[in-house]
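These notes are about the structure you will find just below.
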Amino acid sequence: MAQSQWRKGDLRSVHQRVTERIIEQLEQGVVPWHSPHIAKIGFPRNYQSEKAYRGINVMLLAMAGYTSPWFLTYKQAQGRGGQVRKGEKGYPIVKFGSYSKELDDGEEEKRHFLRLYTVFNACQIDGIEFPQADLPPFTASTKTYVAKAIVTQMPHPPAIHEGRSVRTCYDPVADAIDIPHRSYFESGERFYKSLFHEMVHSTGAAKRLARKSLMDNRGISMSDKTIYGKEELVAEIGAAFLCAHAGIVMDNHENSASYISSWLTVLKQGSNQRWIVEAAGQAQQAVDYILKVEL
């Protein structure tokens, strides 16, 4: 399978292509990270390594509307005795890498690059017996149980005050989340969607991940719409990932319409071409923190 290595000059091209794809979806009113496939089928995985894709790759593959969680490159499929069917189109994913370059003064400088790969879903490959998605059925009670466990098992959590306000927000000064009583919401799922959003915000605090978009925002203020949009993007993507872990399907039109304008403002600025890739990565870090994932 042909693969392209993008270095300094081309690095922006990769970010630009990814960003343009996300913008196109948002302008159509479709929120890419709200794909129902993740909650219903599971996070996309590479069949060769059995590892789940992460960050921006989750979003890129979610847009593919896959029917199986398993993906392979063309070469990986052939190596396992499979064959991508003629005429099938693959899906792009991005792989990060780094290398050290010795400078004139003898010091070493760490540089980063991207490699663009194309992968194919199991439904596009013949000759390999892929396992079925092994997700347990998510009943309403199961979703609530898993969502509650995500909240209670977060390490070093912020204080969560339920019912003392009709407004949902994270206060970084008090390190506390306010959320209306769950009876205020139409369903338990909507309650946890809102709570997950604020929990992701809280991971940006100095004593946790010290995320720049939260720290520079003086909390969560709309005074600088660009910085506000950046932090909201991290929180929205992270909340969607957490919902998927709990089997909660995100609705493209639910709670997100008011944010789309700010996302588009951020993503359309030339200086922010890299932001969607970075935001997805930071959302993944937030989710890893909340779920206590160790890599």
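The values are calculated or read from the model by the stated rules, or taken from the named source; none is laboratory data. Quantities reported herein were computed from a predicted structural model and do not represent experimental measurements. For neighbour counting, all protein chains shown are included, and Cβ atoms are generated from backbone atoms with ideal geometry for every residue, glycine included.
Structural remarks
- Filtered by the rule that a residue be more than 27 Å from Q285 (Cβ to Cβ) and not hydroxyl-bearing (S, T, Y), the range 49-75 gives a lone residue, K75.
- Among the conditions (1) touching a strand residue (DSSP E or B) at 6+ places or on another chain (Cβ under 9 Å); (2) within 30 Å of A244 (Cβ to Cβ), Q83 misses just one, which is (2).
- Residue-level check: of (1) at pLDDT 95 or above; (2) closer than 24 Å to G247 by Cα, D175 misses just (2).
- L135 vs. criteria touching a residue at least 60 places away in the same chain (Cβ under 8 Å) and surrounded by 19 or more Cβ atoms within 10 Å (Cβ to Cβ): no
- Verdict on K51 being more than 18 Å from the chain's Cα centre (by Cα) and either over 23 Å from H245 (Cα atoms) or without any contact (Cβ under 8 Å) to a residue 12 or more places away in the chain (or both): no
- Being surrounded by fewer than 20 Cβ atoms within 10 Å (Cβ to Cβ), in contact with a helix residue (DSSP H, G or I) (Cβ under 6 Å, 6 or more places away or on another chain), among the hydroxyl-bearing types (S, T, Y) and at pLDDT below 85 holds for only one residue in S258, S262, S221, and it is S262.
- Just one of the numbered conditions (1) in contact with a His (Cβ under 7 Å, 6 or more places away or on another chain); (2) part of a strand (DSSP E or B) is not true of A239: (2).
- Filter result for T118 (assigned to a helix (DSSP H, G or I) and of a type outside the set (D, E, K, R)): no
- I128 meets the conditions (1) of a type outside the set (S, T, N, Q); (2) part of a loop (DSSP other than H, G, I, E, B); (3) free of Cβ contacts under 8 Å to residues at least 60 places away in the same chain in every case but one. The failed one is (3).
- G42 vs. criteria touching a Leu at 6+ places or on another chain (Cβ under 6 Å), among the small types (G, A, S) and not assigned by TED's automatic domain parsing to the domain that holds L242: yes
- First in the range 12-39 and farther than 22 Å from C243 by Cβ and free of Cβ contacts under 8 Å to residues at least 60 places away in the same chain, second anywhere and of a type outside the set (G, A, S) and not in a helix (DSSP H, G or I), Cβ under 7 Å, 6 or more apart: S13/W6
- Pairs where the first residue, in the range 144-159, is assigned by TED's automatic domain parsing to the domain that holds G238 and the second is of a type in the set (F, W, Y) and assigned to a loop (DSSP other than H, G, I, E, B), C-beta under 9 Å, 6+ apart: V146/F138
- Filtered by the rule that a residue be among the hydrophobic types (A, V, I, L, M, F, W, C), under 18 Å from L116 (Cα atoms) and assigned to a helix (DSSP H, G or I), the range 31-68 gives I56, V58, M59, L60, L61, A62.
- Only one of K75, K89 that is at pLDDT 80 or above and assigned to a helix (DSSP H, G or I): K75
Conditions tested, residue by residue: (1) at pLDDT 95 or above; (2) touching a strand residue (DSSP E or B) at 6+ places or on another chain (Cβ under 8 Å).
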residue: E108; (1), (2): no, yes
residue: H112; (1), (2): no, yes
residue: L116; (1), (2): no, yes
residue: V119; (1), (2): yes, yes
residue: A122; (1), (2): yes, yes
residue: P155; (1), (2): yes, no
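- Complete set of residues in the range 186-205 that are modelled with pLDDT under 95 and part of a loop (DSSP other than H, G, I, E, B): E186, S187
- Annotation: of all residues in the range 2-30 being part of a loop (DSSP other than H, G, I, E, B) and either modelled with pLDDT of 85 or more or farther than 23 Å from V266 by Cβ (or both), the one that is farthest from the chain's Cα centre (by Cα) is A2.
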